[in-house]
Amino acid sequence: MFDSIALAPPDAILGLTDAWKKDPNPLKVNLGVGVFKDDQGNTPILPSVKAAEAAILSGATTKSYMPISGAPDYGKLVQDMIFGADHAVVKATRARTAHTPGGTAALRVGGDFLKKVLPNATVWVSAPTWANHKGVFGAAGFKTADYPYYDPATKGLDFARMQEALEKVPAGDIVLLHACCHNPTGVDLTPAQWTTVAELASRRGWLPFLDFAYQGYGDGLEQDRAGVLALAAVCPEFLVASSFSKNFGLYQDRTGALTVVAGSASVAEAAFSNVEIAIRVNYSNPPAHGGLIVTRILSDVALRAQWMGELTAMREHIAALRTKFVTALGQHGVPGDFSFIQRQKGMFSFSGLSDAQVKFLRDRKSIYIVGGGRINVAGITSKNMEYLCVSIREAMTAG
Ligand code: LMR
């Protein structure tokens, strides 16, 4: 029965790491998958996470099942992080949060839930978007369509065209928005633009679904909430998918959350009961470990302060790398103005490299970059900077 199955293509992002691992070239560089790396090219466990894990392991008494939506204290702490503890949505219990295995499962559970509520909806995603978004919502049974977002000419946001397209999205459709640190472009909306988009959603009647995978990687935990707060001000209903892969460095512990906001506590409860059904038939209940770490850190004053310092250090490391990279590109005579790299937010830079140049860098230089030209800035180190810039110059002048 399996004889006629064709080989599936490698994953556009995770497949690159597999290929990079197999590459024998000692100069190889992985700028593909979005993981934080220090200047030695390592992705260390955060000291606050290590401390939380030690306490969790020594105090652990059971491996019994978690509730379907995870521990309630986790949900509460996640809401405080997304909205701020005093936010009206939190106080009115209009938000319900499920602990999910990473941000990807949050998106998928949200998709499965919405397929029941809005079976004929289209999910609108930015052009471009994270390589897995269409796959996740397609797997949940949705049609997907693009709205304009990035303008290659200005290397910034094409807000006029985005607004124009969102005006035409039919009521009852779903619009996926990146809350901050847009993946793959690093180009974000300003708070004023968020207000416009939120007002548009409320007036046009489409449902916003925020992908919030990088809270704290843009300008800070609170500053990165601008989109959430703008939506919460005027939209009674929306969804938020959170990931703690990047901000807590819990990549392999698959720790995330799906938050459903509704117009009242009772509507939120009814909606959430259906989210729980979507979870139960999928993975039953979440893996505990990552959630326990997040809970411990966020509820302990000293650990929380330590973690905030570590998060700030990661954000500042990437911001400093952006400046160093732009300077080094200039010093190595790479043609063009790359100052836009400093304006982008988060882990990624949409480099402007063409697919042919990305292929040249991979095939000839063992430098791995996601198709479309997305670079994980955190993958740049003092050691690979020169090789990278010289190779990019070669790729750009190769014809
Ligand atoms: C990325 O975009 O590189 C990350 O979100 C990792 C992933 O799962 O693709």
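What about A131, is it part of a loop (DSSP other than H, G, I, E, B), under 19 Å from the mean Cα position of the chain (by Cα) and within 15 Å of the ligand (Cβ to nearest atom)? Judged against the criteria, A131 is a match. Kindly list, by first and then second residue, each pair from a residue in the stretch 265-276 that is within 9 Å of F113 (Cα to Cα) and in contact (Cβ under 8 Å) with a residue 24 or more places away in the chain to a residue that is hydrophobic (A, V, I, L, M, F, W, C) and assigned to a helix (DSSP H, G or I), limited to pairs with Cβ atoms under 6 Å and residues at least 6 apart or on different chains. From residues that are within 9 Å of F113 (Cα to Cα) and in contact (Cβ under 8 Å) with a residue 24 or more places away in the chain, the pairs are N274/F113; V275/F113. With respect to the conditions (1) open to solvent by 10 Å² or more (accessible area, probe 1.4 Å); (2) under 16 Å from V109 (Cα atoms); (3) in contact with a helix residue (DSSP H, G or I) (Cβ under 6 Å, 6 or more places away or on another chain), Q193 lacks only one, and its number is (2).
Confirm whether W206 is buried (at least 18 other Cβ atoms within 10 Å of the Cβ), under 14 Å from Y147 (Cβ atoms) and aromatic (F, W, Y). So W206 passes the test. Are any of the residues in the stretch 250-261 on the phi < 0 side of the Ramachandran plot and without any contact (Cβ under 8 Å) to a residue 60 or more places away in the chain? Checking the stretch 250-261: at least one residue is on the phi < 0 side of the Ramachandran plot and without any contact (Cβ under 8 Å) to a residue 60 or more places away in the chain. For I318, state whether it is out of contact with any Lys or Arg (no Cβ under 7 Å at 6 or more places or on another chain) and either open to solvent by 50 Å² or more (accessible area, probe 1.4 Å) or in contact (Cβ under 8 Å) with a residue 24 or more places away in the chain (or both). In short, yes. Number of residues in the stretch 265-285 that are more than 15 Å from L107 (Cα to Cα) and in contact with a Leu (Cβ under 8 Å, 6 or more places away or on another chain) equals 0. Residues that are buried (at least 23 other Cβ atoms within 10 Å of the Cβ) and farther than 26 Å from G220 by Cα were ranked within the stretch 52-107; the one that is nearest to the ligand (Cβ to nearest atom) is G70. In the stretch 137-187, the residue that is nearest to the chain's Cα centre (by Cα) out of those that are β-branched (V, I, T) and closer than 22 Å to C235 by Cβ is V175.
Evaluated against (1) in contact (Cβ under 8 Å) with a residue 40 or more places away in the chain; (2) assigned to a helix (DSSP H, G or I), T196 falls short on exactly one condition, (1).
The residues listed here are Q215, Q223, Q252; of these, the one that is open to solvent by 10 Å² or more (accessible area, probe 1.4 Å) and more than 12 Å from the ligand (Cβ to nearest atom) is Q223. Of all residues in the stretch 342-361, those satisfying the criterion of being in contact (Cβ under 8 Å) with a residue 12 or more places away in the chain, open to solvent by 10 Å² or more (accessible area, probe 1.4 Å), in a helix (DSSP H, G or I) and farther than 20 Å from L189 by Cα are D355, Q357, V358, F360.
Looking only at residues that are over 17 Å from A131 (Cα atoms) and within 16 Å of the ligand (Cβ to nearest atom) in the stretch 1-27, which one is least open to solvent (accessible area, probe 1.4 Å)? Selected residue: A19. Exactly one residue out of S58, S69, S48 is of a type in the set (S, T, N, Q) and without any contact (Cβ under 8 Å) to a residue 40 or more places away in the chain: that is S58. Among the conditions (1) under 22 Å from I341 (Cα atoms); (2) modelled with pLDDT of 95 or more, the only one that A145 does not satisfy is (1).
Looking only at residues of the stretch 28-47 that are open to solvent by 30 Å² or more (accessible area, probe 1.4 Å) and among the polar types (S, T, N, Q), we find that the one that is nearest to the ligand (Cβ to nearest atom) is T43. Among the residues of the stretch 371-399, the one identified as part of a strand (DSSP E or B) and either open to solvent by 10 Å² or more (accessible area, probe 1.4 Å) or basic (K, R) (or both) is R374. Pairing each residue of the stretch 1-13 that is in a loop (DSSP other than H, G, I, E, B) with any residue that is open to solvent by 80 Å² or more (accessible area, probe 1.4 Å) and within 15 Å of the ligand (Cβ to nearest atom), provided the two are 6+ apart or on different chains, yields C-beta distances under 7 Å for P10/D18. Would you check if there is a residue in the stretch 16-36 being among the β-branched types (V, I, T) and in a loop (DSSP other than H, G, I, E, B)? The answer is yes, given that some residue of the stretch 16-36 is among the β-branched types (V, I, T) and in a loop (DSSP other than H, G, I, E, B). Against the definition (under 30 Å from A51 (Cβ atoms), in contact (Cβ under 8 Å) with a residue 40 or more places away in the chain, acidic (D, E) and assigned to a helix (DSSP H, G or I)), how does E310 come out, yes or no? Answer is yes for this residue.
The values are calculated or read from the model by the stated rules, or taken from the named source; none is laboratory data. Only a predicted model underlies this, so the values are computations on that prediction, with no experimental measurement involved. Because the Cβ atoms are built from the backbone with ideal geometry, glycine has one as well, and the counts that use them run over all protein chains shown. Heads up: the accessible areas ignore ligands, DNA and RNA and are worked out on the full protein's heavy atoms, side chains in. Shrake-Rupley method; radii C 1.70, N 1.55, O 1.52, S 1.80 Å.
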